[in-house]
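S.K.: Structure in structure tokens, see below.
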Amino acid sequence: MISPAFASVLASGRAQFNGRAAEARRRFPALDMAAFGAFLHDGVDPLVLAVAAAAPERVGGVTLAAYDMALELVGHGLAGPAAKNPFLNTVWRELAPLFAPLLATAPVDVLGMLSNAAIHIASVAGARPAQWQAGMAAVAPQVGSVAQLRAVGQVLAWRAGVAHFRQGALAAADTLPPALALAAFDEPGAQWPQVHAQLLDYPWRGNAEGREFGSFSGLGGDFGTPPQVRATNDGFIVRSAERHYLLVADAYGAVLHSATAQEYEQATTGMPSSVRLDGATVHVGARSIALDLPAGDIAIAANAHTLAITSPWTHAIRLLPLA
Amino acid sequence: MPSFNLFQRLSQAPTKPKAAPVARQFDVADLYQGPIALGAEGETQARPFDEKLRQAYFWIVNHAIISPHYDIEYNDGPSQTYSVGDSRRTLNLPSAQSYSSFILLPLLTFATRRKCLFVGGPGRGKTASALLMGVLAGSTVKEVKRAMQHGHPQMTVADLLGNPLPADLVNAQSMDDIRIAWRAWLGMRVKIVDEYNRIPTRTQSALLTVMGDNYAEVLNHIYECPEAAWYLTANDDQGGGTYQVIEALRDRVDVTVQALAFNPRFLNELLLRVEENVRPEELVPPDIIFTESEVDQIGEAIRQVGIPDAVRRRLEFFASQFELFETAGGQFEYMTKDTARLAGADRGQAQAADNGRDRLKDLGCQTLNGISVRTLMALMIYAKAMAYFRGNGEVALEDLRQVLPFVLHNKLQPDPDAPFFALPENAAYRSDRLGWLRRLFDLSNDEFNRLDLDRDDPVGVLSAEFDLGLDGVSERETLARLNRIEKLIAERTKGRKLYGPLYDDLLKLKYLHQRYTNYRSWLRSQ
């Protein structure tokens, strides 16, 4: 059963809502009305309730916006019980109600941004949607405008593993009030200018261990054969099984994009003078890191901040901070 | 809250994705790109115009004109083909983005401001398609409809161009005092003449002036028309209209597209329109409306698209095939079909006197005429427009191959008595003119390849040498070049039959010889 507040809005505009559903069925022939009904109950009702509590006079407008958007999302197979990824359902049910005051003023923008972001993050292999949701929930009380919501969502998406958003997210963070920016980085006691400068200078800030990326495609990983890696300014160009990728990595995550053979040919090999390979041990300046790889045939590529280590014996790429 | 726009959705850019450039830029705003359309954030980026053109194309094919005929086929690697029916015709599944000529060619006409003729039976979307082009130019549906000229048997020049004001006719002391009420359509950026083959011959002549010279004249008063794209429609372009279309008017048409039959498998689309009571032309998204300046810029960009030498050579070779008519002229330069046509010579008799060339191999035997300069220019413009539409900076051979049949449709007349059409496998080309023209171009390219002209083109080498200029060329060098030309002519004419390309090569060599001869005379006079 849906809440009385939601039921009352639906009943008052019954003909209009039915008309919109009929129109959507023409546009999305695969639209399952049962799934749509379930999403209304599971995803729309909680946020209508939240808006009813925060701004009762805006319930009608919010319901209409949410109803149309729900039709579109269920029609695309992105929401509802049969959704390919349930994260969007979770965002509507659990995260969107936390932004009720903002929803009341700009329902299309807020719901649209949250929905699109949820779909985007859920589609990035290696991203951590749950972390993004938790981060957004934590800062929700401090978000006072759509612009702030936009920026804080971008920052938290980066922190949730969407590594290629680094530059844009840092620029977005600069538009936020310092307190909110620091909250987005979970460093409430720090000084924003200092944090910002460090983040800008060093992609591996807060992560001295680096990360391991990739595994065999037969086991659900990314690479069909052990990868070969070359460095570029943006990241690393990876070749595996006749396919090429751009690997972008930093302290928060690693993301793979498509690349071309030409880019691979143009990328550089070799390592900086501060790096030395001794058997299965890598020496980076004063640090020595023992690799759990057979000695010999270990390949190393490096850009300004990161060392990428590959071996013909593994499908994984070890990414180590250079500093 | 806007309702769902069933008909106003645009394809997501880019409609023709290309390989990402090497320098990468990731946009954090991508986080909020998705199925939900958000309000503009003041960050709408200007789309390149070729992308806008593609969006217009895809909107029209997806939402406006139901024309699921992908007859402009591009392939990227091997494509799947099937032989179908008793005639074993080929059904090809193109492996790259392909297009419907009925939409694309009119759109390219819009972008290049040329003239397009729609042919086909009634009710197949000819007028609707022309109307859409008017709306793309920023006019309302009402304006376009009111400005559209409907050909009819009583149409006068005044109906077409405008009337003198009656009061002025009575009071005027001179022609200059008579003001003319010009018809509104003359000022439109998209001009539509519906059923132009029903216009009386005299009125067709007035139309010809507007089409050809872009001005209208009534009682010594001139109306200068703006640059415009023209769309004409005809149910039957083979003489089935009320009046015969005058040759010159037909020649002004740059491209002809045929409205193909409606596929009843798409009846649901019609049903939707009936149920929703919508007319797509009234729902053209504002994002694909082009301003006058945008069309100017597109036209400029299209002209900048390059035609590589290799592609141009193939077009030269193709065009060379058709003008030669050996028995028509006594003098070398006059051995052309046009000579025979001007003289009203009996073609059959002239052909009977032909000297035993391979009439199947000679592509020139398949046509009654050659290709005019205007047609060649239109061909190059449309090939450029096609390359531009596909997001390329250079014309590919396939671009030329795809537009060629539509440009030559009304221009290159087939000779139904040619042996080529007597072969059973070519019988369909008697009625399928587009297919025949495409086949003609393919055969020409096969011959080009057989002669290995890409790599071995001595006339091209001599021509390129001449194009470098004569400044500083010594008399000795001039004589050497003259000698090379004479030797080449002797070599090329030794025991060979005369075919179109050879005829044009010989004329080119004669031209070069003449230029060098004049230059040598000048050198000696110094």
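The values are calculated or read from the model by the stated rules, or taken from the named source; none is laboratory data. All figures in this text were calculated on a predicted structure; none of them were measured in a lab. All Cβ positions, even for glycine, are placed from backbone atoms using ideal geometry, and neighbour counts span all protein chains on display. Surface areas here come from the heavy atoms of the whole protein model, side chains and all, with no ligands, DNA or RNA. Shrake-Rupley method; radii C 1.70, N 1.55, O 1.52, S 1.80 Å.
S.K.: Restricting attention to helices (runs of 4 or more DSSP H) lying wholly within region A:1-117, give those where 3 or more residues are under 30 Å from B:E275 (Cβ atoms), at the interface with another protein chain (Cβ under 9 Å from one of its Cβ atoms) and in contact (Cβ under 8 Å) with a residue 40 or more places away in the chain.
M.R.: Values: elements: A:4-12, A:14-27, A:33-39, A:45-54, A:59-75, A:87-90, A:100-105.
Ranges flagged: A:14-27, A:59-75.
S.K.: Here's another thing I want to ask about it. Can we say A:E265 is part of a strand (DSSP E or B) and open to solvent by 40 Å² or more (accessible area, probe 1.4 Å)? Steps first, please.
M.R.: Values: part of a strand (DSSP E or B): no; open to solvent by 40 Å² or more (accessible area, probe 1.4 Å): yes.
Spelling it out, it is not the case that A:E265 is part of a strand (DSSP E or B) and open to solvent by 40 Å² or more (accessible area, probe 1.4 Å).
S.K.: Scan region B:49-57 and tell me whether some residue there is within 11 Å of chain A (Cβ to nearest Cβ), out of contact with any Cys (no Cβ under 7 Å at 6 or more places or on another chain) and at pLDDT 75 or above.
M.R.: Taking every residue of region B:49-57 in turn, none turns out to be within 11 Å of chain A (Cβ to nearest Cβ), out of contact with any Cys (no Cβ under 7 Å at 6 or more places or on another chain) and at pLDDT 75 or above.
S.K.: Let me ask another. How many residues, within region B:157-198, are farther than 26 Å from B:V144 by Cβ and either at pLDDT 90 or above or acidic (D, E) (or both)?
M.R.: 3
S.K.: Considering only region B:99-117, how many residues are in a loop (DSSP other than H, G, I, E, B) and open to solvent by 10 Å² or more (accessible area, probe 1.4 Å)? Steps first, answer last, please.
M.R.: Going through region B:99-117, the residues in a loop (DSSP other than H, G, I, E, B) turn out to be B:100, B:113-114.
In the following step, the residues that additionally are open to solvent by 10 Å² or more (accessible area, probe 1.4 Å) were identified as B:113-114.
Number satisfying all stated conditions: 2.
S.K.: Sticking with this structure for a sec: What is the one condition in (1) open to solvent by less than 70 Å² (accessible area, probe 1.4 Å); (2) at pLDDT 90 or above that A:Q167 does not satisfy?
M.R.: Only one criterion is unmet by A:Q167, namely (1).
S.K.: Which residue out of B:L488, B:L507, B:L470 is in contact with a Pro (Cβ under 7 Å, 6 or more places away or on another chain) and either aliphatic (A, V, I, L, M) or touching a residue at least 60 places away in the same chain (Cβ under 8 Å) (or both)?
M.R.: Answer to the check: B:L488.
S.K.: Kindly indicate which of B:N75, B:N62, B:N92 is in a strand (DSSP E or B) and farther than 29 Å from B:N214 by Cβ. Steps first, answer last, please.
M.R.: Details: B:N75 fails: in a strand (DSSP E or B); B:N62 fails: in a strand (DSSP E or B).
Every option except B:N92 fails the conditions.
S.K.: For region A:268-286, what are the residues that are touching a residue at least 24 places away in the same chain (Cβ under 8 Å), of a type in the set (S, T, N, Q) and outside any loop (DSSP other than H, G, I, E, B)?
M.R.: A:T268
S.K.: Of all residues in region B:424-444, which are among the aliphatic types (A, V, I, L, M) and free of Cβ contacts under 8 Å to residues at least 12 places away in the same chain?
M.R.: Within region B:424-444, B:A427 is the sole residue that qualifies.
S.K.: Moving to a separate point now. What are the pairs, 6+ residues apart or on separate chains, where a residue within region A:287-305 that is surrounded by fewer than 17 Cβ atoms within 10 Å (Cβ to Cβ) has its Cβ under 6 Å from a residue that is in a strand (DSSP E or B)?
M.R.: Pairs found: A:S288/A:T281; A:I289/A:V282; A:A290/A:T281.
S.K.: If you take the residues in region A:246-261 that are open to solvent by 30 Å² or more (accessible area, probe 1.4 Å) and within 12 Å of another protein chain (Cβ to nearest Cβ), which one is nearest to the chain's Cα centre (by Cα)?
M.R.: A:H257
S.K.: On to the next question. Six or more apart or on different chains, Cβ under 8 Å: which pairs go from a residue in region B:374-396 that's more than 17 Å from B:E300 (Cβ to Cβ) to one that's open to solvent by 40 Å² or more (accessible area, probe 1.4 Å) and of a type in the set (S, T, N, Q)? Could you list them?
M.R.: B:R390/B:Q97
S.K.: While we're looking at this one, here's another question. Quick check: anything in region B:354-361 not in a loop (DSSP other than H, G, I, E, B) and not acidic (D, E)?
M.R.: Going residue by residue through region B:354-361, those that are not in a loop (DSSP other than H, G, I, E, B) are none.
Looking through region B:354-361, none of the residues is not in a loop (DSSP other than H, G, I, E, B) and not acidic (D, E).
S.K.: Among A:A106, A:A38, A:A55, which is the only one that is more than 23 Å from A:G153 (Cα to Cα), touching a helix residue (DSSP H, G or I) at 6+ places or on another chain (Cβ under 7 Å), among the aliphatic types (A, V, I, L, M) and surrounded by fewer than 21 Cβ atoms within 10 Å (Cβ to Cβ)? Outline the logic, then answer.
M.R.: Working: A:A106 fails: more than 23 Å from A:G153 (Cα to Cα); A:A38 fails: touching a helix residue (DSSP H, G or I) at 6+ places or on another chain (Cβ under 7 Å).
Of A:A106, A:A38, A:A55, the one residue that is more than 23 Å from A:G153 (Cα to Cα), touching a helix residue (DSSP H, G or I) at 6+ places or on another chain (Cβ under 7 Å), among the aliphatic types (A, V, I, L, M) and surrounded by fewer than 21 Cβ atoms within 10 Å (Cβ to Cβ) is A:A55.
S.K.: Being free of Cβ contacts under 8 Å to residues at least 24 places away in the same chain and among the acidic types (D, E): is that true of B:D452 here?
M.R.: Considered against the rule, which asks whether it is free of Cβ contacts under 8 Å to residues at least 24 places away in the same chain and among the acidic types (D, E), B:D452 comes out as yes.
S.K.: Moving on to the next point. Only one residue in A:A179, A:A160, A:A184 is more than 30 Å from A:A290 (Cβ to Cβ), surrounded by 15 or more Cβ atoms within 10 Å (Cβ to Cβ) and without any contact (Cβ under 8 Å) to a residue 60 or more places away in the chain. Which one? Steps first, answer last, please.
M.R.: Details: A:A179 fails: surrounded by 15 or more Cβ atoms within 10 Å (Cβ to Cβ); A:A160 fails: without any contact (Cβ under 8 Å) to a residue 60 or more places away in the chain.
From the options A:A179, A:A160, A:A184, the qualifying one is A:A184.
S.K.: All but one of (1) open to solvent by 30 Å² or more (accessible area, probe 1.4 Å); (2) of a type in the set (A, V, I, L, M, F, W, C); (3) not in a helix (DSSP H, G or I) hold for B:L443; state the number of the condition that does not hold.
M.R.: For B:L443, the exception is condition (3).
S.K.: Please go through region B:463-506 and give me each residue that is outside any helix (DSSP H, G or I), open to solvent by less than 40 Å² (accessible area, probe 1.4 Å) and farther than 27 Å from B:G370 by Cβ, ordered by number.
M.R.: Taking region B:463-506 and keeping what is outside any helix (DSSP H, G or I), we get B:468-474, B:494-499.
Narrowing further to those that are open to solvent by less than 40 Å² (accessible area, probe 1.4 Å): B:469-470, B:473, B:498.
Answer for region B:463-506, where residues must be outside any helix (DSSP H, G or I), open to solvent by less than 40 Å² (accessible area, probe 1.4 Å) and farther than 27 Å from B:G370 by Cβ: B:G469, B:L470, B:V473.
S.K.: Return the total of residues in region B:277-303 being open to solvent by 80 Å² or more (accessible area, probe 1.4 Å) and either in a loop (DSSP other than H, G, I, E, B) or in contact (Cβ under 8 Å) with a residue 12 or more places away in the chain (or both).
M.R.: Qualifying residue count for the region: 7.
S.K.: A further question follows. Condition first: surrounded by fewer than 20 Cβ atoms within 10 Å (Cβ to Cβ), hydrophobic (A, V, I, L, M, F, W, C) and outside any helix (DSSP H, G or I). Can you find one or more residues in region B:399-412 that meet it?
M.R.: No, every residue in region B:399-412 fails to be surrounded by fewer than 20 Cβ atoms within 10 Å (Cβ to Cβ), hydrophobic (A, V, I, L, M, F, W, C) and outside any helix (DSSP H, G or I).
Residue by residue, here is whether (1) more than 21 Å from A:A127 (Cβ to Cβ); (2) at pLDDT 90 or above; (3) touching a Gly at 6+ places or on another chain (Cβ under 7 Å) holds:
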| site | (1), (2), (3) |
| --- | --- |
| A:G253 | no, yes, yes |
| A:Y264 | yes, yes, no |
| A:I289 | yes, no, no |
| A:D292 | yes, no, no |
